[in-house]
Amino acid sequence: DLLVGADGAWSKVRRLLSDATPAYSGRSFVETYLFDVDARHPAAAKMVGGGTFGAIDSGENSGDGDSGGNGGNSGNGAGIVAHRESGATIHTYITLAKPLDWFAAIDFTDPDAARARVAAEFDGCAPELTALITDADTAPVLRPLHALPVGHRWDRVPGVTLVGDAAHLSVPDGEGANLAMLDGAALGRALAAHPGDVEAALAAYERELFPRSAAASAAAVALNSATSQELLAALTHGDGESR
C-alpha cells in the first residue's frame, strides 16, 4: 500500500516518481583521519582544539578559477574543515573545486601519492594544516559531491513518496540528516492524520515537503558559494565573536 524511498542519493525508488538524477556539483571532499592526536599529532591537535576548525579559501580573489594549479594559493575554493571526535580522533574533510577528471588522474589506491597530490593544492600553507593530509593515519577517500536540482519535485504517484536525500539531495551544509528525520516525522504525522487514506496523507506530506526542501537546498547552495567574509558573518555576530 505504501512505498517510501529512503534510499539516499542514488535512490532506485526515485525512478518511479522522477527522471531527475544527481549532478556533480563541481566540488569534492577528500576525507582523512588522524588517531591518538594528542600524543602522535600534537601540533594538529592544538590547531583543531576541542571542536571544529576550518581554513577556507572561497575563491573571491581568483582570476580564472584555475582548475589545475595550487588551490590554496589561486583562490579556487579550496578548504579544509576538521573536527575532533571521541577517542582523540581528528576527522578532516578537504574540499577542492575540481572536475571529476582531475580526481580521476589521482591514484587513490596509492595512499602516499594521493596524499601528496592533494596536499600540493595547499602549497605554502602552515605545516600543521597540511599535516591533516600528509600525516593522515588512513588512506584518503574521495567523496564527490552531487546534488538534485534545487526545487526538485514530482507529480503524485499512488502509493509512493520519498524522504531525505532521495527527495532533495543537496550540496552539504550540515543539515542533511536533520532534514531526513524531519521528513520522516512529517510523513508519520500525515499518515496519522489521514487514517485509511494513504493518498491524502502523501499529498499533504508533499505539499509541506516541496517548499521546505527547496528552501533548504537553496540555502545550502548559497552557503557553499559564499565568500570568506560571508562565511565569517554566518558563523559570528559580525564582530569576530562566535555564535
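The values are calculated or read from the model by the stated rules, or taken from the named source; none is laboratory data. Keep in mind that this is a model prediction, so the values were computed, not measured. Note: ideal-geometry Cβ built from the backbone for every residue, glycine included; neighbour counts use all protein chains shown. All accessible areas refer to the heavy atoms of the entire protein, side chains included, with ligands and DNA or RNA removed. Shrake-Rupley method; radii C 1.70, N 1.55, O 1.52, S 1.80 Å.
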Report, by residue number, each residue of segment 8-45 that is open to solvent by 50 Å² or more (accessible area, probe 1.4 Å), in a loop (DSSP other than H, G, I, E, B) and either touching a residue at least 60 places away in the same chain (Cβ under 8 Å) or among the hydroxyl-bearing types (Ser, Thr, Tyr) (or both).
-> 21, 35
Would you check which residues across segment 125-141 are assigned to a loop (DSSP other than H, G, I, E, B), at pLDDT 95 or above, farther than 10 Å from residue 34 by Cα and open to solvent by 40 Å² or more (accessible area, probe 1.4 Å) and list them?
-> 139
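A quick yes/no check of all residues on (1) open to solvent by 70 Å² or more (accessible area, probe 1.4 Å); (2) in a helix (DSSP H, G or I); (3) under 30 Å from residue 225 (Cα atoms):
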position: 167; (1), (2), (3): no, yes, yes
position: 170; (1), (2), (3): no, no, yes
position: 173; (1), (2), (3): no, no, yes
position: 181; (1), (2), (3): yes, yes, yes
position: 190; (1), (2), (3): no, yes, no
position: 195; (1), (2), (3): yes, no, no
position: 200; (1), (2), (3): no, yes, no
position: 204; (1), (2), (3): no, yes, no
position: 211; (1), (2), (3): yes, yes, yes
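Within segment 225-241, is there a residue that is part of a helix (DSSP H, G or I), among the charged types (D, E, K, R) and at pLDDT 95 or above?
Checking segment 225-241: not a single residue is part of a helix (DSSP H, G or I), among the charged types (D, E, K, R) and at pLDDT 95 or above.
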Scanning segment 13-35 residue by residue, those within 17 Å of residue 167 (Cα to Cα) and of a type in the set (A, V, I, L, M) turn out to be 13, 16, 17, 20, 23
Identify the single condition in (1) crowded, with 16+ Cβ neighbours inside 10 Å; (2) at pLDDT 95 or above that residue 81 does not satisfy, given that it satisfies every other one.
-> (2)
Subset of segment 84-98, residues within 21 Å of residue 28 (Cα to Cα) and either acidic (Asp, Glu) or open to solvent by less than 50 Å² (accessible area, probe 1.4 Å) (or both), comes to 90, 91, 92, 94, 95, 96, 97, 98
Residue 215 fails exactly one of the following numbered conditions: (1) modelled with pLDDT under 75; (2) loosely packed, with under 14 Cβ neighbours inside 10 Å. What is the number of that condition?
-> (1)
